[in-house]
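> For reference, the structure I am asking about is given below.
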Amino acid sequence: MSETKSVIDVCIAGTGSYVPERILSNEELAAKVDTSDEWIVTRTGIKERRIAAEGQFTSHLATNAARKALEQAGLAAEDIELIIVATITPDTPTPATACHVQKALGASKAVAFDISAACSGFLYAMKISKRLISDGAFKNALIIGAEKLSSVTNWSDRSTCVLFGDGAGAAVLRRAEPGEGSIVATEMGTDGSLTHLLEIPGGGTACPITSENVNDNLQTLSMLGKEVFKHAVNRMKEAAEKVIERAGWQPEDIACVIPHQANLRIIDAIADRLAVPNERVFVNLHKYGNTSAAAVAIALDEANRTGVFKRGDKIVLVVFGAGLTWAAAAIEW
Ligand code: UT7
């Protein structure tokens, strides 16, 4: 599903992110499961991840990130007309985490709902809100990727527990004024024939958690890593190429690629295939691991706040996750 021209241009007016204080290092994990810092760093690039405190929910992480994005955008909570939270770890199955965020922010005029598109959710939310703003339905939107993956991690499975972390990233989208940057092109896709590669099998209607299966870890993430790896490289490369082409850009025009932060080997493979030099690819997974929907949003905020790109620069975001899902966006900052 693709998009190029809109009636009204839409820009990113502010970004924000928040990660919990508690750092869980590779060494600490190696004391609990049969793994090592060497294996984790070599195979993934991850050094440490953040873990939310007990009583700290996804909406709390999301709200903290959102406040920073609002502040940078120079908007008040009451100016926001749409809140979309992308998450696979909602505070509650219903109501949506976005409703908890709306209340916490005092964004009483905003329509608020969640979307579930795993690691691709933040860019799905970007495309949805861009369209709703460019169609004239809303002026200002807040999109958030937020996860407390520590609550759905099987801490005895070394093949997954070393990968994930908690955090949130947010962006405020609004109508662009003449001369401002804009979201130039977007792309998103899904392959539902591969749901089994990465899933939380239990806890829904297909497999409710019962007193009989409660100890089987069905409510935790399971993944066929090698298969997911292969699809991640191919799909992200294709999605990024599509938005670059639609934007009319060349690889050498791109100041920064911000990919989903799951595995440094995947990121390196994509940079190679897109012919973008590694120094123009933003990486922070060594600090946070894979935070699913939050990952690209946190990376965008860190890159923005540390001056990795400046006004007018061309940047590409590209993500991949369970579903399987993928998405990309070409943004003139
Ligand atoms: O966010 C959504 C998208 N997710 C992704 O994109 C993740 C994609 N997949 C990956 O990043 C990689 O497949 C993993 C990092 C998950 C795994 O890396 P891999 O190079 O594909 O390793 P593997 O699963 O093939 O395992 C290689 C070996 C196995 O041992 P044997 O069978 O060769 O003896 C595993 O049992 O490494 C073993 N292993 C570990 N060893 C130490 C698996 N996990 C660990 C571990 N520590 N934590």
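The values are calculated or read from the model by the stated rules, or taken from the named source; none is laboratory data. On a predicted model such as this, the values are computed, not experimentally measured, just so you know. We place every Cβ from the backbone using ideal geometry, glycine too, and count neighbours over all the protein chains shown. SASA here: full protein model, heavy atoms, side chains in, ligands and nucleic acids out. Shrake-Rupley method; radii C 1.70, N 1.55, O 1.52, S 1.80 Å.
> Cut-off under 27 Å on the C-alpha distance; same-chain residues fewer than 8 positions from residue 68 excluded. Which lysines are left, in chain and number order?
47, 103, 109, 127, 130, 139, 148, 287, 310, 314
> Calculate, axis by axis, the spread of Cα positions in segment 183-332 along the three principal axes, and write the results as whole Å, longest axis first.
57, 30, 25
> Could I ask something else about it? To the nearest 10 degrees, how steep is helix 58-73 against the longest Cα principal axis of the chain, on a 0 to 90 scale?
Around 20 degrees separate the two axes.
> Taking the solvent-accessible surface of protein heavy atoms with a 1.4 Å probe, what is the per residue accessible area of the chain in Å²? Let's see the in-between values first.
Details: 13790 Å² over 333 residues.
Each residue of the chain exposes 41 Å² on average to a 1.4 Å probe.
> Sticking with this structure for a sec: Taking Cα atoms, how many degrees apart are the long axis of helix 121-134 and the longest axis of the chain, rounded to 10 and kept between 0 and 90?
20
> Counting only residues 5 or more places away or on other chains, whose amide H sits under 5 Å from the amide H of residue 164 once H atoms are built in the peptide plane?
Amide H to amide H, under 5 Å and 5 or more residues apart or across chains, residue 164 pairs with 290.
> Dividing the alpha-carbon radius of gyration of segment 10-180 by 2.2 N^0.38 Å (N being the number of residues), what value is obtained?
Relative to the rule-of-thumb radius for its length, segment 10-180 sits at 1.12.
> Tell me, what is a quarter of the convex hull surface for the C-alpha atoms of the chain, in nm² with one decimal?
Across all orientations, the chain yields a mean hull projection of 15.9 nm².
> Let me ask something else about it. May I ask for the distance between the Cα centers of segment 143-161 and segment 264-295, given as a whole number of Å?
If we compute the Cα centre of each part, the gap is 19 Å.
> Here is a follow-up. Tell me, what % of the accessible area of segment 10-180 is carbon and sulfur with a 1.4 angstrom probe?
52
> Here is a further query. For segment 10-180, what is the percent of antiparallel DSSP beta bridges, rounded to the nearest 5?
Beta bridges within segment 10-180, antiparallel portion: roughly 70 percent.
> Can you list the GluC sites (Glu not before Pro) in segment 205-274 that are in a DSSP coil and have 13 or fewer other beta carbons within 10 angstrom?
Sites meeting the loop and neighbour criteria: 212.
> With charges set only on the Cβ (+1 for Lys and Arg, -1 for Asp and Glu), what does the dipole of segment 183-332 come to about its Cα centre, in debye to the nearest 20?
Working: 14 positive and 18 negative charges, 56 e Å.
Roughly 280 debye for segment 183-332.
> Ignoring everything except DSSP H segments at least 4 long, calculate the 222 nm mean residue ellipticity for the chain; use -39,500 (n - 2.57) per segment, divide by total residues, nearest 500.
Estimated from H runs of four or more residues: -9500 deg cm²/dmol.
> Nearest 10 degrees is fine. How inclined is helix 225-247 to the longest principal axis of the chain, computing both from alpha carbons?
It is inclined by approximately 0 degrees.
> Right, next: Assuming a ≥ b ≥ c are the square roots of the Cα gyration tensor eigenvalues, decide whether segment 1-92 counts as rounded (a/c under 1.5), prolate (otherwise, with a/b larger than b/c) or oblate.
Values: a/c = 2.74, a/b = 1.85, b/c = 1.48.
It is prolate, given that a/c is not under 1.5 and a/b is the larger ratio.
> Right, here's the next one. What's the carbon and sulfur percent of segment 183-332's accessible surface, probe 1.4 angstrom, rounded to a whole number?
50
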